[in-house]
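Note sheet for the following structure.
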Amino acid sequence: MDIPTAYCPTCNKRWTEDKQFCSSCLSDELEKQPIAGQGTVYSYTKIHAAPKKYAQDAPYFVLLVDLDEGLRITTKYTGDTIAINDPVVVSEIQDRAYVVSKR
């Protein structure tokens, strides 16, 4: 699944959120470019007592993932086990949150 990003060709910065101008060089010439969403687990925590909206999913993991394109994103993972440096890929965007699966 491709992740939409904002990309600044002037200074080569990229963001997952939509922007009107580059916060690094202040250029307003941003482009929308998709990225593949593949990366590795940087850190994680397992959620047992979830907020009401996600209680039916518990237990689940919240991961910090370093994407191959240089971004670090927060994601949800519902598998049984996960480890630091495991390869993952964004499989969907659910309620504006990234969901990953193991590669």
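The values are calculated or read from the model by the stated rules, or taken from the named source; none is laboratory data. The model shown is predicted, which means the values in this text are computed figures rather than measured ones. A quick note on method: Cβ atoms are made from the backbone with ideal geometry, for glycine too, and the neighbour counts reach across all protein chains shown. Please note that ligands, DNA and RNA were not included when accessible areas were found on the heavy atoms of the full protein model with its side chains. Shrake-Rupley method; radii C 1.70, N 1.55, O 1.52, S 1.80 Å.
The radius of gyration of the Cα set in segment 1-81, together with its Dmax, comes out at 15.8, 45 angstrom. May I ask you to list the aspartates and glutamates whose Cα is less than 14 Å away from that of Lys52, ignoring any residue fewer than eight positions away on the same chain? Partners found: none. Tally up the carbon and sulfur contribution to the accessible surface of the chain as a whole percent, 1.4 Å probe, everything protein left in place. Ligands and nucleic acids excluded, carbon and sulfur give 47 percent.
Which entries of Lys19/Lys102; Lys19/Lys53; Lys46/Lys102; Lys13/Lys76 have Cα-Cα distances beyond 18 Å here? In this structure, Lys19/Lys102; Lys19/Lys53; Lys13/Lys76 exceed 18 Å between Cα atoms. Distance between the C-alpha centers of segment 53-75 and segment 23-45? Whole Å please. When both Cα centres are located, 15 Å separates them. Computed over protein heavy atoms with a 1.4 Å probe, the accessible surface of the chain works out to 63 Å² per residue.
With a simple spin-label model that places each label point 7 Å from the Cα along the Cα-to-Cβ direction, the separation between Met1 and Ser101 comes to 1.0 nm. Residue ranges 56-63, 18-25 sort as 56-63, 18-25 when ordered by packing (mean number of other C-beta atoms within 10 Å per residue, highest first).
Start at zero, step by 5 Å, and the Cα-Cα distances of segment 47-103 spread as 4, 18, 30, 26, 14, 6, 1 percent across the bins.
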